[in-house]
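First comes the structure, then the notes that go with it.
The values are calculated or read from the model by the stated rules, or taken from the named source; none is laboratory data. For clarity, every value in this text was computed on a predicted model and none was experimentally measured. Neighbour counts are summed over all protein chains in view; Cβ atoms, including those assigned to glycine, are modelled from backbone coordinates with ideal geometry. Just the protein is used for accessible areas: all its heavy atoms, side chains included, with ligands, DNA and RNA removed. Shrake-Rupley method; radii C 1.70, N 1.55, O 1.52, S 1.80 Å.
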Amino acid sequence: MLRRVRWLTLALVLAACHTDGATPPPEVTYQLVPVGGSAVAGPAGSRLLAVPLVTVTDPSGTPVSGVKVMLTVAAGAPAGLTLPEQAAASGPDGVVRADVQLGAVGQAQIRVRREGTEPVEALIPVTALEAPVLSSVAPTTFGPGDVVQLAGSGLTSAAGGLAVYVGGVRATILASSPTEIRIRAPACVSPGEVSVVVNVTDMVASNVVPAVYAASEVAPSLQPFEGVTVPAARAAQCLSLLGGGARYLVVPQYATSDAVPSTFLTLTPGFTIGAPSATATAARRAASAAGAAALRPQERLDRALRLRERDLAPIGAASGAHPPLEAPPLAALTLNSARSFRVLADLDGSRYTGVTGRLRYIGDNVLIYVDETAPADGLSAEDIEGLGGLFDAKLFPADVEAFGSVTDIDRNDRVVVLMTPVVNKLTTASECDASGFVTGFFFGLDLLPSQQNSNKGEVFYAMVPDPRGSTGSCAHPVDEVLKYVPATFIHEMQHMISYGQHVLVRGGRDEELWLNEGLSHIAEELGSLLYERECENVLTPPCRSTTEQLFPDSSQGFIIGNITDAYDYLARSTSTSMTLFTGDGTLEERGAAWLFLRWLGDQKGDGIFRRLVETRLTGVANVEDKAGEPFARLFGDFGVAVYAVDRLSTTPPGAVPARYRFLSRDLRQIFRRLYDTNTEGVTRPFPIEATVLHRDDALRGSMRPGTMTWYELRTASGDGRVRVSLTPSTGSDFDPRLGAQVTIFRLP
């Protein structure tokens, strides 16, 4: 976190302390300095992501983080130029970044304005350049599987993300250059005149060229390693799969938004390819009935706090990121100085107790207080120094870089860590032994200084070591605390940043539970990656206890939970909703959200995580906005990627398009290692067991909204063409809010 100059802190102290009739000191005026002095430019119609606009500095020229500005488009802009966000805040480097949606070709200006007694603003030039141009399509009439040549200019982008859509369906790109693209026409396009459009970086499209799509019963619908996602209502009519021994991955899905009511959970999809198979039906229903495990205390508390934060969001939006202080900021920071806190004392988020903490660590970004009543045989001075250094120099900067700035409502430029036995006592010894314990938490109430029990600042609460179990909970040795608390810190810091960015900075509502928790599990993975990179290719101590370990010893506490949760999700996919958290945020549901976001980061770049946090949007709408494409398309292709087809023994290296792969994690290798090491709950080398279908099979199964399941369709050498249908077991059509669809991917 950037340091503010000391005289600025003093000015804030005086402003808070002046009495009636006294003249307060003048308000500090921030400067807005355009970044680089150059104009913002991009192709017409494109969306520019996280564009650096201005640097916010104090009068001495020092960059200042967390300063809110308003963004508007100046008069006279070309049609279509918009700003998805009207408010933004300076990041840890003092730079204000925002997405810019360019419109028609032309020039305009973005006004960046800091309100106050002495408002200040800057005008940033914006230029929309010529977009990619598509000049011709040959032949002008084609059908599924035909090779088509596109000609034009600017058809490729250094940023990648090239895609071609025929009638709204993605085509397979066979070759590309700046002036030509060769595609294989997709299946499931409605016959007749269709539009052909080239899309680069998922954010800017070329002009539309018309063509004629002719349905064909002869041309193959899918080549090996090609896939298509089709709405359930169209699957039987448009998908004609080539038989002759070909194999297909069939993935039915409910690609819902997070608003579908739970009353639709009873709807059942059925696959119809001949006569029913009672054995397969019974097996699938048994797997669904197994359900998800009960919430552990940590997840139960997390859910309670996130729901409470939702109720408090309007208050936070009204108070903003710089609320007036009722009392002067805290006294000068000195080691062993005392501070009083109000600490949550139950898992339901309703009871509080007072404690006194002693300041034991002062860092650039983090302060650590330890409760005076903590067991004496807990952390040593060296332990606290090491933990503080890890938080301050490693985990805090990683969170801020990935997700954005932390608010600073108490004007101390730091996040407070309070280590207190009150956290230990959130579970009794019997509860702890039976279902686990709470390692730490953040609560948005602390960012609302007007509320009772608020500590009026950014606070993370953590358990303390208790080797003898003297707090009334189970015993926690020092090494256990040092192992688990860092992962909880980096997880809860994402919640802190997200609540501040969504609610206080932008005046919106807090993020949907599934996406909020998924991003916090991405934060845990970031902690693991710090150690994975340090220990890359080091297979011996001090990095790894054994040469067989995939992950270093130091990263285990950050990553293993995500991996096992993801395994459990894939093993229970039909009963585990990714978007609804119908199980109130179970480990399986968290595994689903992390796995989806990990794939999304691989496809769009990890910068998408910060864009998902620095926004007013939430849930599926947020994902669609930042990814630049419909959620149904993302969910469908994700369903193929988690099957890890690129790691099948029959898959040639590099044959599977990147869209259908995890680029940063080898799922089959990771899950196999869990199985080989007898990890609890890992009963097979890969969690997905695709039920086998043949030409004359029909299976029934049930799914919840936001879920999917996997089948493998195996055709015989004598089969001609095979059609796949997805229909509800009751009624004639699926409720449209379910987003019922099926993804088909041809296996080698």
For Lys68, go through the lysines and keep the ones whose alpha-carbon is under 23 Å away, minus same-chain ones fewer than eight residues off.
-> Lys456, Lys626
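Report the calculated FRET efficiency for Gln549 and Arg310 (r = Cβ-Cβ distance, R0 = 35 Å), to the nearest 0.05. Display every interim value, and only then the final one.
On the way: r = 40 Å, r/R0 = 1.15.
Using R0 = 35 Å, I get an efficiency of 0.30.
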Take the eigenvalues of the Cα gyration tensor for the chain, scale each by 5, and report the square roots as semi-axes in whole Å, largest first.
-> 47, 35, 21
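Give me the percent of accessible area attributable to carbon and sulfur for the chain, probe 1.4 angstrom. All intermediate terms of the calculation are to be shown ahead of the outcome.
Numbers: 15160 of 28520 Å².
C and S atoms contribute 53 percent here.
Rank these by accessible area, largest first, 1.4 Å probe: Arg616, Arg184. Intermediate results must be reported in sequence, preceding the final value.
Working: Arg616 120, Arg184 50 Å².
Result of the area sort, largest leading: Arg616, Arg184.
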Two decimals is fine: what is log10 I(q)/I(0) at q = 0.19, 0.20, 0.23, 0.28 Å⁻¹ for the stretch 698-748, from a Debye sum with one equal scatterer on every Cα and no solvent?
-> -0.82, -0.89, -1.09, -1.41
Average silhouette area of the stretch 372-429, convex hull of alpha-carbon atoms, in square nanometres = 5.9 nm²
Principal axis lengths of the stretch 492-609 from Cα atoms, whole Å, largest first?
-> 49, 36, 25
Over the Cα atoms of the stretch 569-679, Rg to Rh with Kirkwood Rh, two decimal places?
-> 0.98
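Hey, if we sort Leu504, Leu123 by accessible area with the 1.4 Å probe, largest down, what's the order? Can you show the working numbers first?
On the way: Leu504 0, Leu123 70 Å².
Listed by decreasing accessible area, they come as Leu123, Leu504.
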Counting helices only, and only those DSSP H runs with n ≥ 4, report the 222 nm mean residue ellipticity of the chain as the sum of -39,500 (n - 2.57) divided by its residues, in deg cm²/dmol to the nearest 500.
-> -8500 deg cm²/dmol
Under 5 Å from the placed amide H of Val415, counting only residues 5+ away or on other chains, we find Val366, Leu367
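Express the accessible area of the stretch 592-748 per residue in Å², computed with a 1.4 Å probe while the remaining protein chains stay in the model.
Working: 5830 Å² over 157 residues.
Ligands and nucleic acids excluded, the result is 37 Å² per residue.
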Starting from one equal scatterer on each C-alpha and no solvent at all, send me the Debye-based log10 I(q)/I(0) for the stretch 337-491 at q = 0.21 Å⁻¹, two decimals.
-> -1.51
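Taking 0.36 nm per intervening residue step and subtracting the Cα-Cα distance, what contour gain separates Thr117 from Gln237 on full extension? Please list the in-between numbers first.
On the way: separation 120, 0.36 × 120 = 43.20 nm, distance 6.50 nm.
That pair, Thr117 and Gln237, stretches by 36.7 nm at full extension.
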Under a 1.4 Å probe, counting only protein heavy atoms, Trp514 has an accessible area in Å², nearest 10, of 0 Å²
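Output the DSSP H helices from the chain with an along-axis C-alpha extent of no less than 20 Å and a mean Kyte-Doolittle hydropathy no less than -1.0. Each step should come with its number before you reach the end.
Values: long enough: 297-319 (32 Å, -0.76); 478-499 (31 Å, 0.17); 513-534 (32 Å, -0.19); 556-571 (22 Å, 0.35); 587-604 (25 Å, -0.44).
Passing helices, by number: 297-319, 478-499, 513-534, 556-571, 587-604.
Once Rh for the stretch 644-748 is found with the Kirkwood sum over Cα pairs, what is the Stokes-Einstein diffusion coefficient at 20 °C and 1.002 mPa s, in µm²/s?
Working: Rh = 16.8 Å.
Once the numbers are plugged in, D ends up at 127 µm²/s.
In Å², what does the accessible area per residue of the stretch 308-393 work out to with a 1.4 Å probe?
On the way: 4090 Å² over 86 residues.
Dividing the accessible area of the stretch 308-393 by its residue count gives 48 Å².
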Using only protein heavy atoms and a 1.4 Å probe, report how much of Cys474 is accessible, in Å² to the nearest 10.
-> 20 Å²
Probe 1.4 Å, all protein chains in place: accessible area of Lys394 in Å², nearest 10?
-> 50 Å²
Here Rg/Rh (Cα, Kirkwood) for the stretch 448-535 equals 1.06
If exposed means GluC sites (Glu not before Pro) lying in a DSSP loop and surrounded by at most 12 other beta carbons within 10 Å, then the longest stretch of the chain lacking such sites spans residues 373-535
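Quick one: what do you get for the stretch 433-579 if you divide its Cα Rg by 2.2 N^0.38 Å?
Working: Rg = 17.9 Å, N = 147, 2.2 N^0.38 = 14.7 Å.
Expressed relative to 2.2 N^0.38 Å, the Cα Rg reads 1.22.
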1.4 Å probe accessible area per residue over the stretch 451-568, in Å² = 31 Å²
Applying 1/(1 + (r/R0)^6) with R0 = 45 Å to the Cβ-Cβ distance of Asp383 and Arg684, what FRET efficiency is obtained, to the nearest 0.05?
-> 0.65
